[in-house]
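Below is one structure, written out as structure tokens, with a few remarks after it.
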Amino acid sequence: MSTSSSNKIARRQFIQLSAVAAAGCMMRPGQEAMAQDMPKVEESEAMAQAMKYVHDASSVDASARANPATDQTCANCALVQGADGEAWRPCQIFPGKLVNSAGWCSVWAPKA
Ligand code: SF4
């Protein structure tokens, strides 16, 4: 094998490894940025109003709840996603949007 073809193979391997490394570095930051960049649900949206979503669960009259427990919030709902402690988190009911951890909607369900 000539020096020239060895250099070509080494260069090709370097480029392939660089591409794999770059893809690995970009995956997680990209995924985290997606959740952070998601818009917040607006209480005025049709879907939010249909679900009676509010940013502040304490503003909901307990008698309006199917299960009138006052400690129901998005943070302790089975349908919330993301990490505990985050102020705004994704929710399965509002795909592509964030709900307030202190919020509530009529679909609230206890975590198993
Ligand atoms: Fe909050 Fe749960 Fe309603 Fe989603 S389904 S908005 S997490 S109460």
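Key figures for this structure:
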read-out	value
Amide N of segment 89-105 lying under 14 Å from the label point, which is placed 7 angstrom from the Cα of Lys52 along Cα→Cβ	104-105
Gain upon complete extension [Ser44, Ala87; 0.36 nm per residue less C-alpha separation]	13.5 nm
Accessible surface, 1.4 Å probe, highest first, among residues Lys111, Lys97	Lys111, Lys97
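The values are calculated or read from the model by the stated rules, or taken from the named source; none is laboratory data. Note that the structure is predicted; figures quoted are calculated from it, not measured. We place every Cβ from the backbone using ideal geometry, glycine too, and count neighbours over all the protein chains shown. For accessibility, only protein heavy atoms count, side chains too; no ligands or nucleic acids. Shrake-Rupley method; radii C 1.70, N 1.55, O 1.52, S 1.80 Å.
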